[in-house]
Amino acid sequence: MAPAMALRLLVVVAVAAVVSCAVAADEGSVVEVWPMPATASKGGQTLHVSRELRMTAEGSKYADGEAILKDAFQRMVTLIELDHVINGSSQGLPLLAGVNVVVQLPGDELNFGVDESYNLSVPATGSPIYAQIEAQTVFGALHALETFSQLCNFDFASRLIELQSAPWSITDMPRFPYRGLLIDTSRHYLPVPVIKSVIDSMTYSKLNVLHWHIVDEQSFPIEIPSYPKLWNGAYSYSERYTMDDAIDIVQYAERRGVNVLAEIDVPGHALSWGVGYPSLWPSATCKEPLDVSSESTFQVINGILSDFSKVFKFKFVHLGGDEVNTSCWTSTPRVKAWLAQHGMKESDAYRYFVLRAQKIAKSHGYEVINWEETFNNFGDKLDRRTVVHNWLGGGVAEKVVAAGLRCIVSNQDKWYLDHLEVTWDGFYMNEPLRNIKNPAQQKLVLGGEVCMWAEHIDASDIQQTIWPRAAAAAERLWTPFEKLSKEWEIAALSARLARFRCLLNHRGIAAGPVTGYGRSAPAEPSSCIKQ
């Protein structure tokens, strides 16, 4: 272990050692909700939650015809009752009878930038006592239900669920509209139930975009009806997703307030495409990037995006564009001749490919996200609606927005989950708006995304690699900047995150310890909240 890395781990462990002191010193004022709400006030009354907790909708303009809210409420009740048998008597105890949910807008289409704000109040008295949720949209109400669930705990004395510190008054809204998590199903196949479990876990920290990096050079696991041999590039017959599977995943996510961003990475990272259609390779011995000289290449891309448009309804599609080694184009005589005929160098062909793919995506109603190499190489030629996805390092977002383009931040030194050496505090302190002072340019930063590349993860270890570090980034992306913890508040912040990690464990999410590196094991026997 490098000395700097060892020192960093020592600091993290030392912080964990004082967590219990920080909790004891500040127990009365801590708001145990993750991510931290915009505003929150509380009192000193303890309520017990009725075993027949009910939801009402008095004053709501939302009909809930698709049962999105009804199902979310039932999931919330299941979560708060999951950890213990609830069999106590509430006779004579102050009892929370239900939750009244008022949604102002009748629609439930999950558009990008939808209003996710909410107000949550829990009175200390009443006959009966009802919590009140007010939101502009059903998706704000979903976030409110998640916050409500985090106010509830099992009371071992009464054997009931209790809600401490009433009355509560919480006003909340996200700082950024794009709060993403990338999963990679090309390097390792992830079964559909695992993907759904990841989506569920995202909602607990209010992440709202699942970036599905579906295919790459290693495998092509998804069905494309327009080109049915493409999934011949899957690892095996069983490691595949049908179009119906994709629809199921998208609908599952949307009902939980999560959009699914589909990615095909072109022209590089596409070796697996040629297993079913070898003509997509420049040659049998030089298989990447896709053949820029062939019209059939762009016909296949058009077919994929046409099929995607029937399934992936998010306004964006990700077309990759990173790490393109163009040497196959010049080492293949046929492609080299095409370049010469069109007066193109390799760099010109790279630009031509990306821009043509963008036009195809636009023809299917999509706005395009590309990895940052496209901006670094020919940013002035990109479609002006392009969203540039930063990953190579810091300082890129400020250049992108200065050029008038939108940006998503995922700099690999801080927000790549496969970088196990990056501890949770590195994730937390990574500021998307660093050095961006102009308010108009700040609005061009849509948000950020943590990336779970799958070279070394599969269904067996994905959740403990994602969590709790992704939650640290989630608070950075949700909570108002002025409410975020500062570096000198790291001990109290560590205690809050440890409690949230324990909550994830209680909900069946295999989140790793807060202390140590990503995906680390507990260092020794100890309480969950001290790990």
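Points worth noting:
- Solvent-accessible area per residue, Å², over the stretch 39-172 with all protein chains present [probe radius 1.4 Å]: 45 Å²
- Relative packing of 265-273, 504-512, which averages over residues the other C-beta atoms within 10 Å, highest first: 265-273, 504-512
- Debye equation applied to the C-alpha atoms of the stretch 327-392, log10 I(q)/I(0) at 0.16 Å⁻¹: -0.61
- Exposure of E323 as accessible area (Å², to 10), given a probe of 1.4 Å and all protein chains: 110 Å²
- The residues neighbouring L355, those whose beta-carbon lies less than 10 Å from its own, together hold a net charge of +3 under the Lys/Arg +1, Asp/Glu -1 convention.
- Compactness of the stretch 39-172 is given as radius of gyration and Dmax, 14.7, 47 Å, from Cα positions.
- Each peptide among 409-417, 90-98 gets the average number of other Cβ atoms lying within 10 Å of its residues, and from highest to lowest they stand as 409-417, 90-98.
- The long axis of helix 490-506 is offset from the longest Cα principal axis of the chain by roughly 90 degrees.
- When the Cα atoms of the chain are aligned to their principal axes, the ranges along those axes come out at 86, 58, 48 Å in descending order.
- Within the straight-line cut-off of under 16 Å between alpha carbons, the aspartates and glutamates reachable from K310 are E109, E223, D244, D245, D248, E254, E263, E367, sequence neighbours fewer than 8 places apart in one chain being disregarded.
- Selected from V387, A270, F314, residue furthest toward positive end of dipole (the chain; charges at beta carbon): V387
- Ellipticity estimate at 222 nm from DSSP helix runs (n ≥ 4, -39,500 (n - 2.57)) divided over the chain, nearest 500: -10000 deg cm²/dmol
- Value of Rg/Rh across the stretch 178-481 [Cα atoms, Kirkwood radius]: 0.96
- Too-long pairs where the Cα-Cα distance tops 18 Å, listed order kept, from K315/K362; K399/K483; K313/K381: K399/K483; K313/K381
- For V401, the solvent-accessible surface computed with a 1.4 Å probe is close to 0 Å², ligands and nucleic acids excluded.
- For the stretch 171-251, the set of chymotrypsin sites (Phe, Trp or Tyr not before Pro) satisfying both a DSSP loop assignment and a count of at most 12 other C-beta atoms within 10 Å is given as Y237.
- Nearest-ten-degree value, helix 138-150 long axis tilted from longest Cα axis of the chain: 50 degrees
- Prolate/oblate/rounded label for the stretch 354-463 (Cα gyration tensor, a/c 1.5): oblate
- Debye-sum result for the stretch 256-398 in log10 I(q)/I(0), which assumes one identical scatterer on each alpha carbon, at q = 0.09 Å⁻¹: -0.27
- Nearest 10 degrees, 0 to 90: helix 243-254 Cα axis against the chain principal axis: 40 degrees
- If you plug the beta carbon distance of S226 and D115 into 1/(1 + (r/R0)^6) with R0 = 35 Å, you get a FRET efficiency near 0.45.
- Taking label points 7 Å from Cα along the Cα-to-Cβ direction, A459 and Y237 give a separation of 1.8 nm.
- Ellipsoid semi-axes in whole angstrom, largest first, where each is sqrt(5λ) of the Cα gyration tensor of the stretch 398-531: 29, 17, 11
- Distance from the stretch 77-133 to the stretch 147-174 (C-alpha centre basis), Å: 10 Å
- Note that the stretch 387-401 has calculated 3J(HN,Hα) couplings of 9, 8, 9, 6, 8, 6, x, x, x, 7, 4, 5, 6, 5, 5 Hz, one per residue in order, obtained from phi through the Karplus relation 6.51 cos²θ - 1.76 cosθ + 1.60 (θ = phi - 60°); glycine and proline are x.
- Selected from M202, N376, W415, residue furthest toward positive end of dipole (the chain; charges at beta carbon): N376
- The slack between N325 and Y277, meaning 0.36 nm per residue of separation minus the straight C-alpha distance, is 15.2 nm.
- Accessible area of S117 (1.4 Å probe, protein heavy atoms only, ligands and nucleic acids ignored): about 30 Å².
- Listed by chain and number, the lysines whose alpha-carbon sits under 16 Å from that of K206, ignoring those within fewer than 8 places in the same chain, are K196.
- Based on Cα contacts under 8 Å between residues 6+ apart, the stretch 388-472 shows a relative contact order of 34 percent.
- The chain, dipole about Cα centre (Lys/Arg Cβ +1, Asp/Glu Cβ -1), debye to the nearest 20: 680 debye
The values are calculated or read from the model by the stated rules, or taken from the named source; none is laboratory data. Just so it is clear, the structure is predicted and the values come from calculations on it, not from any experiment. Quick reminder, even Gly has a Cβ in these numbers, built from the backbone with ideal geometry, and neighbours come from all protein chains shown. Keep in mind that these areas ignore ligands, DNA and RNA; they rest on the heavy atoms of the full protein, side chains included. Shrake-Rupley method; radii C 1.70, N 1.55, O 1.52, S 1.80 Å.
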